[in-house]
Each structure stands twice: as C-alpha cells, then as structure tokens.
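First up is the structure itself, then whatever we jot down about it.
The values are calculated or read from the model by the stated rules, or taken from the named source; none is laboratory data. As the structure is a computational prediction, the values presented were derived from the model and not from experiment. Neighbour counts run over all protein chains shown; Cβ positions are idealised from the backbone, glycine included.
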Amino acid sequence: MELTAGKGVRVTAVTKAFGGRPDIARALVGAGVAALGDSRIENLERLRTDCVQSPTVLIRSPMPSQTQRVVRAVDLSLNTEIETIELLSKSAVDLDVEHRVVLMVELGDLREGFMPEEVDEALKRVLDLPHLHFAGIGTNLACRSGVIPDGANMGELSRLADRLESDHSVSVDVVSGGNSANIDWLTSGSPIGRVNDLRLGEAILLGQEPLHRRALDGLHTDSFVLIGEVIESRLKPTKPWGQSAQSAFPRSTAPAESSGAWQTIVAIGRQDTDPDGLLMPDGVTYRGASSDHLVLGTQERYRPGVEMRFIPDYSALVRSMTCPNVRQVRCS
C-alpha cells in the first residue's frame with residue numbers, strides 16, 4: 001500500500017482468486033485497501049452478507065440478467081454496454097438506490113471497453129439516466145493480448161479524463177488504470193497523470209507483477225501453497241507406446257524424456273487447478289495432467305500417502321481456491 005499511496009493511487013483489492021472469503025477480505029481492508037473488487041456477483045454478495053465493511057466494485061461488465069443483484073450488493077460497477085447501463089438504472093429505480101458507474105475504455109488489449117471515440121455518447125446517456133452516478137473511467141491491459149501499460153496508454157486515459165470534464169462539465173473522480181500489470185509503469189518514473197486507482201489481485205496475493213513474474217520487494221511469493229497426496233509412484237518408460245490419437249486433454253503432456261524414470265502421480269488434476277501454473281519442488285518435473293491426475297517425473301520413489309507441495313501462479317490459484325474439492329486451510 002505504501003507504494004501506491006506514495007503515488008496518490010488507491011487500491012481496489014481483487015477478491016476473486018480466493019472466492020470472496022470474508023476473513024481474507026477483512027485482512028485486506030485492515031491493510032488499507034480502498035475497496036474490494038470481484039468479477040463474480042456471488043462473491044460480492046458473500047462479502048455484503050458477512051458485513052465486510054468496504055466499498056465494493058464489480059470489475060466485470062454486469063450480466064443483464066443480474067442487474068438487480070448488482071445494484072443491491074455493489075456500490076460501483078465497470079461497464080461497457082449502454083443497454084446494460086439502462087438496465088442498471090431501471091433496477092436502481094425499482095430498489096430506490098443510487099449506483100455508481102465507471103465507463104471502461106478500450107486501449108489496445110482487445111478485451112473489453114468502449115472505443116475512445118464512443119465514450120462521449122456513453123457518458124451523455126449515463127447522465128440522463130435516473131439513480132445512476134457517473135464515477136469515472138477505466139481501462140484494462142495485459143489480460144488478453146499482453147499489451148503493456150505504459151506512459152502512452154496511461155497518458156491517453158488521463159487526457160480523456162481531462163477532456164470529459166471540460167466538454168461535459170462532469171467530475172471524473174475515478175480513473176482506474178488497470179491491474180497488477182501496471183506495477184512496472186507505476187514504478188517507472190512515468191507521470192501518473194490522472195490515474196488514481198488500480199485493481200490489484202496477483203500483486204497482493206502472490207507478491208509479484210504479472211508481466212515478467214518479478215517478485216515485489218517486501219511481499220511474500222509463497223503465501224498460498226497447494227498440497228497434494230501421492231497415489232502412485234513407480235518406474236515407467238517416459239514415452240507411450242501403441243497407436244495414438246487425441247487424449248482427453250490435448251497438449252496436456254510435457255515433452256518426453258529420453259529414458260525411463262520414476263513416474264509419480266499426485267491426486268490433483270485439471271478439475272482442481274491449472275497444472276501448467278504450478279511451481280514444482282526441486283528435482284521434480286511436470287509431465288502432464290488429466291482431470292484427476294498430476295503426472296510428475298521424480299528422481300526417487302514417493303511412498304503413496306506422502307504429501308507434495310506446489311506454489312501456484314495466479315491461474316492455478318484462482319482454480320484451486322474456487323474448486324469445491326480443494327480444502328482450504330489457514331496456517332498461522
């Protein structure tokens with residue numbers, strides 16, 4: 001928080017990677033985050049039901065079928081479609097509540113957002129709708145296409161905020177510059193401009209920035225550990241034999257080694273995590289995975305029942321924390 005606060009940027013902590021667990025959310029609030037954000041309305045409803053005291057943000061465009069739930073449980077939502085914004089207004093009127101709206105702007109990553117030239121018309125419509133309050137603008141980068149947040153696209157977002165205020169006599173209170181991928185830009189010395197909010201998940205939970213997976217000073221990179229139990233370990237060839245076709249999970253097998261070795265199976269699969277996102281223990285190689293089996297190459301035999309520990313990346317963490325078959329244990 002010191003890093004962002006020193007730049008005048010507040011943090012919206014993203015809770016989706018831990019399924020909106022209230023105890024973790026409260027810890028984040030206690031650490032000084034400005035708001036809690038999630039892409040799933042169910043998680044935000046859980047926070048509201050559990051009386052977690054924090055403003056809440058829906059960071060994915062609302063589903064039209066869920067707009068009443070959104071205005072009931074969420075203080076602010078990020079939006080990309082006028083039709084959905086109109087439904088939010090109707091739902092807010094029906095429930096007699098005020099709902100804050102951020103307009104998302106597409107700046108190159110090609111995931112979501114109004115094109116920059118469309119924002120003026122979207123803003124005019126928001127200002128005409130009852131029970132809605134225009135809060136500001138935002139963007140998202142590096143999630144789909146890997147486009148890096150930098151001085152150019154962040155500068156464009158700042159200039160857009162200035163122009164909207166000038167042309168429409170509004171206050172752009174929120175300028176949400178993006179996610180954990182913005183950390184390098186934040187520390188690069190580039191002007192911060194109008195950006196005053198970042199939506200951070202991976203940087204907080206895993207202690208690293210996602211562009212290069214660089215560890216961040218003062219943060220832990222092993223706060224989450226996935227533990228699996230060995231169910232088989234024996235000497236086997238590393239190359240399959242017999243006629244082959246597609247497997248249940250194409251491209252799920254690592255390149256074969258040249259000779260036989262210990263093959264160890266852990267009771268974790270693609271239903272439970274993203275196997276490609278697990279950091280292996282020393283001396284262990286990832287060979288492949290099915291829905292229920294994590295196949296590893298090991299230098300020795302592991303006795304069935306032995307537990308193996310893996311450090312998940314963000315993709316693996318999200319899957320594991322939201323999988324009902326993975327038991328969550330809080331360690332002191």
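Within segment 134-183, which residues are within 17 Å of the chain's Cα centre (by Cα) and surrounded by fewer than 22 Cβ atoms within 10 Å (Cβ to Cβ)?
Once the filter is applied, which keeps residues that are within 17 Å of the chain's Cα centre (by Cα) and surrounded by fewer than 22 Cβ atoms within 10 Å (Cβ to Cβ), segment 134-183 yields A142, C143, R144, S145, G146, V147, I148.
Kindly state which strands (runs of 3 or more DSSP E) lie completely within segment 122-204 and contain at least 1 residues that are out of contact with any helix residue (DSSP H, G or I) (no Cβ under 8 Å at 6 or more places or on another chain) and farther than 30 Å from H220 by Cβ.
Qualifying strands (runs of 3 or more DSSP E): 132-139.
Pick from segment 78-108 the residues that are among the acidic types (D, E) and in contact with a Pro (Cβ under 9 Å, 6 or more places away or on another chain): which of them is surrounded by the fewest Cβ atoms within 10 Å (Cβ to Cβ)?
Residue satisfying both the conditions and the ranking: E83.
Taking the stated definitions as given, is V11 in a helix (DSSP H, G or I), closer than 21 Å to L206 by Cα, in contact (Cβ under 8 Å) with a residue 24 or more places away in the chain and in contact with a Ser or Thr (Cβ under 7 Å, 6 or more places away or on another chain)?
no
Among the numbered conditions (1) closer than 29 Å to D96 by Cβ; (2) in contact (Cβ under 8 Å) with a residue 40 or more places away in the chain, tell me where E156 comes up short.
In the conditions (1) closer than 29 Å to D96 by Cβ; (2) in contact (Cβ under 8 Å) with a residue 40 or more places away in the chain, E156 misses (1) alone.
Can you say whether I59 is in contact with a helix residue (DSSP H, G or I) (Cβ under 7 Å, 6 or more places away or on another chain) and either among the hydrophobic types (A, V, I, L, M, F, W, C) or touching a residue at least 60 places away in the same chain (Cβ under 8 Å) (or both), as far as the supplied structure shows?
Answer is no for this residue.
Given the criterion among the β-branched types (V, I, T), in the same structural domain as M308 (by TED's automatic domain parsing) and modelled with pLDDT of 95 or more, identify the matching residue among I231, I183, I137.
One residue alone meets the criteria, I231.
Which condition does L198 not pass, out of (1) free of Cβ contacts under 8 Å to residues at least 40 places away in the same chain; (2) crowded, with 17+ Cβ neighbours inside 10 Å, if it passes all the others?
Here L198 clears every test but (1).
Among the residues of segment 277-308, which ones are within 22 Å of G207 (Cβ to Cβ) and surrounded by fewer than 12 Cβ atoms within 10 Å (Cβ to Cβ)?
Answer for segment 277-308, where residues must be within 22 Å of G207 (Cβ to Cβ) and surrounded by fewer than 12 Cβ atoms within 10 Å (Cβ to Cβ): just D282.
Quick check on segment 14-26: of everything there that is hydrophobic (A, V, I, L, M, F, W, C) and part of a helix (DSSP H, G or I), which residue is nearest to Q208 (Cα to Cα)?
A17
Evaluate the following for R60: is it under 29 Å from S158 (Cβ atoms), in a loop (DSSP other than H, G, I, E, B) and of a type outside the set (A, V, I, L, M, F, W, C)?
Here the answer is yes, as R60 does meet what is asked.
Tally time: how many residues in segment 15-56 are under 24 Å from D313 (Cβ atoms), in contact with a helix residue (DSSP H, G or I) (Cβ under 9 Å, 6 or more places away or on another chain), touching a residue at least 24 places away in the same chain (Cβ under 8 Å) and of a type outside the set (S, T, N, Q)?
Residues that pass the stated criteria total 14.
Just checking, which of G297, G283, G269 is in the same structural domain as T238 (by TED's automatic domain parsing) and at positive phi?
Exactly one of G297, G283, G269 is in the same structural domain as T238 (by TED's automatic domain parsing) and at positive phi, namely G283.
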